[in-house]
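> Quick one: structure below, then a few questions.
The values are calculated or read from the model by the stated rules, or taken from the named source; none is laboratory data. Because the structure is predicted, anything quoted here is derived from the model rather than measured. Cβ coordinates were reconstructed from backbone atoms using ideal geometry, including for glycine residues, and neighbour counts include every protein chain displayed. Heavy atoms of the whole protein, side chains included, go into the accessibility calculation; ligands, DNA and RNA do not. Shrake-Rupley method; radii C 1.70, N 1.55, O 1.52, S 1.80 Å.
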Amino acid sequence: MKYVTLILFFALLGCKSAQPKQNVEYAITKNALQLLEDKRFHSVSIAVVKDGQSTIKHFGELTIGKGNKPNDSTLYELASVTKTFTGYIAAKAVLDQKIHLEDDISIYLDEPYPNLAFKGEPIKIKHLITHTSGFPNFPIKSENKKAFFEGLKLINIETKPGEVYSYSNTAPELTAYILEKVYQKSFEELVIEFVLKPNTMNQTKFTLNENDRTRLVKGYNDKNELMPNFNRTLWGGISGLHSTTTDLVKYMKLQLDLSNPVVKESHQKLYKEGSDFWEGYHWYIIENENQLIYRHHGGIYGMQNWFVIYPKQNIGISILTNTSFNETGEILEKVVNQLFDDIKAH
């Protein structure tokens, strides 16, 4: 009888430890199926980390009418979530004293750009990584790196650096170039050395081989038209990384590791925008009495994603879909918020 009691005790203990994962699975499934009721969405992959335990689930079909559900090997384009990797390496460079947030960017450029200032006020490193440089959203020229620098000469800075937030895909590319220069390694090598290798993120990469391309998602717009994949012509500071849900779990765990000095630095609040909103090293930070959130959205021609970290609750959420249209980001943001509430409730 004593042994039966012991067996029952351990069985119950097992059920109890499995319960949080079951709750997370239920929350993911509920929210994913609700999302797919909108027929503009065809597939969704959701990865959650809670208290170090990961849950990944996939739904829908990657190719309309084929029923081919995504899986743990499916490669998604991260789009602008790539910028958080740029931010991480910039934070490491600050800690390594390779760069300083207050540095005038002109010291890293090979020729003078007198236009990259406003009434004598220089653009600094911190302005590049907080979207407050006054740079245009898209590079004026982006067909190759040489053209990028030609385009820099055509920029007209109309606001004092550090004063006005204006989202820029030009600035992070210049940041990636500066990081290459101070480390004397390609930006791709820096991402591999500082982020991917230490966290065994073997499925996250800029450059894809033939096998990788067979696993790469081909996404749609809201008219169900197949869209092209992004073609990287510059350094990769803004976009160009591909990853799987299993690797994004590892990236969440990295971002939740507050003992990591680079993570801690990259989560610094560098520019305040609104009462409870800041820019970090390419993180959008929301902090008020109720919450602390680090997040970034990524949108490209045929896919979108949200990557969100909740350090106080020790939760990370990544949601990826093979659809991209104007409202996709807003819709996914609502799903992430609801999913977080459902997970937190248990």
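> Among the listed pairs K181/K269; K126/K272; K92/K264; K253/K344; K92/K181, give every one whose C-alpha distance is greater than 20 Å.
From the list (K181/K269; K126/K272; K92/K264; K253/K344; K92/K181), the Cα-Cα distance tops 20 Å for K181/K269.
> Taking P(r) over Cα pairs in 20 Å bins from 0, in percent as the quantity of interest, determine which of (1) 31, 52, 17, 0; (2) 32, 62, 6; (3) 30, 55, 13, 2, 0 was computed from the displayed structure.
(3)
> I would also like to ask the following. What percent does the relative contact order of the chain come to when contacts are Cα pairs within less than 8 Å and at least six residues apart? Don't skip to the end; give the middle numbers.
Values: 664 pairs, mean separation 81.5, N = 346.
Once divided by the residue count of the chain, the mean separation gives 24 percent.
> Next question. Where the centroid of each part is defined by its Cα atoms, how far is segment 172-217 from segment 266-280 in Å?
26
> A further question follows. Using +1 at the Cβ of each Lys and Arg and -1 at the Cβ of each Asp and Glu in the chain, identify which of I238, V44, T132 lies farthest towards the dipole's positive end.
The residue sitting farthest along the positive end of the dipole is V44.
> Continuing with this model, one more query. Run lengths n ≥ 4 of DSSP H only: what is the helix-derived mean residue ellipticity at 222 nm for the chain, with -39500 (n - 2.57) per run over all residues, to the nearest 500?
Value at 222 nm, helices only: -11000 deg cm²/dmol.
> Of all accessible surface on segment 239-331 at a 1.4 Å probe, what whole percent is carbon and sulfur?
Carbon-and-sulfur percentage of accessible area, whole number: 45.
> Okay, moving on. Remind me, relative contact order of segment 141-228 in percent, using alpha carbon pairs under 8 angstrom and six or more residues apart?
Result for segment 141-228 is 9 percent.
> So, one more: List the residues, sorted by chain then number, that are 5 or more residues from Y271 or on another chain and whose placed amide H is less than 5 Å from its amide H.
E279
> FRET efficiency for E333 and Q268, Cβ-Cβ distance as r, R0 = 30 Å, nearest 0.05?
0.80
> Report the label-to-label distance for N137 and A345 in nanometres (one decimal), using points 7 Å from each Cα along the Cα→Cβ vector.
The two pseudo-label positions are separated by 3.6 nm.
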